[in-house]
1. For region 1-73, what is the Kirkwood estimate of the hydrodynamic radius, computed as the reciprocal of the mean inverse distance between distinct Cα atoms, to one decimal in Å?
2. What aspartates and glutamates does Lys136 reach when the alpha-carbon gap must be under 13 Å and sequence neighbours fewer than 8 apart in one chain are set aside?
3. Show me the ranking of peptides 68-76, 43-51, 87-95 by mean Cβ neighbours inside 10 Å, starting with the highest.
4. [x] 0.98; [y] 0.92; [z] 1.00: which one is Rg/Rh (Cα atoms, Kirkwood Rh) as calculated from this entry?
5. For Arg91, list long-range residues whose amide hydrogen, built 1.01 Å from N in the peptide plane, is under 5 Å from its own amide hydrogen.
6. List, largest first, the extents of the alpha carbons of region 120-168 along their principal axes, each in whole Å.
7. For the chain, what does the helix formula give at 222 nm: sum of -39500 (n - 2.57) over DSSP H segments with n ≥ 4, over the residue count, nearest 500 deg cm²/dmol?
8. Under the definition of Cα pairs under 8 Å and six or more residues apart, what whole-number percent is the relative contact order of the chain?
Amino acid sequence: MTDPRSEATRASYDTVAESYQRLVSTALPRMPFDRAVLAAFAELVDGPVLEVGCGTGLITAHLAGLGVDVSGVDLSPGMVEVARHEHPDLRFEVGTMRELAVPDDALGGVVAWYSTVHAPTSELPAVFTELARVLKPGGHLMTAFKEGDRVTPLTHAYGHDVDLEVHWHPVDSVADAIAAAGLTEVARLVRAPHGAEKGPQACLIARKP
């Protein structure tokens, strides 16, 4: 993907990859609701799972620890390099969730854990259509995101200057985009902010008929 916004996102995450890993690697043990939905997803899926926008592999590794056959893909080569170093027993590749190098109907599950945070809400139907394409019938999608309806410019993060746009998505808009992709919602969670989070957080799980 070569559009300026995607290039700025890739470059920003290349810059922060190592400091990101240091700063967020201990967060999940303090997030009981997040761990609960990840555990539920791990029970639901049957077959290989791909985490899109996997970053440094924190969620990928957590799911692997729950017995899931999971790999990761991320736009940022810097993030993928850190993921491979931190989790040498797992598979990580550079790529974009908008055009996955995966055959149709190939996966038991897809995880987009805050992976749409840099995509406008208007682009979500196309994103979820691509994720639905690679799911086999009966496969599950799980997506977590910042719940709201605003865009926040981000110029400094994880100790570095960055050039990012953070998109907050209304939960019903995400549900509509998932439905437009042909998936059926099976669960949703909207929780209060935790720690330094600036607003509600949400997670949806959907199934491909």
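Here, each number is a calculation from the coordinates, and none is a lab measurement. Just so you know, these numbers come straight off a predicted model, no measurement behind them. Backbone-built Cβ (ideal geometry, glycine too); neighbour counts: all protein chains shown.
1. On the way: mean 1/r = 0.0729 Å⁻¹.
Roughly 13.7 Å, rounded to one decimal.
2. Within reach: Asp46, Asp104, Asp105.
3. On the way: 68-76: 23.6, 43-51: 19.9, 87-95: 15.4.
Listed from highest to lowest mean packing, they are 68-76, 43-51, 87-95.
4. It is the value labelled [y].
5. Gly72
6. Projected onto its principal axes, the Cα set of region 120-168 covers 42, 22, 16 Å.
7. Values: 6 runs with 73 residues, N = 209.
Helices in the chain give a 222 nm mean residue ellipticity of -11000 deg cm²/dmol.
8. 19 percent
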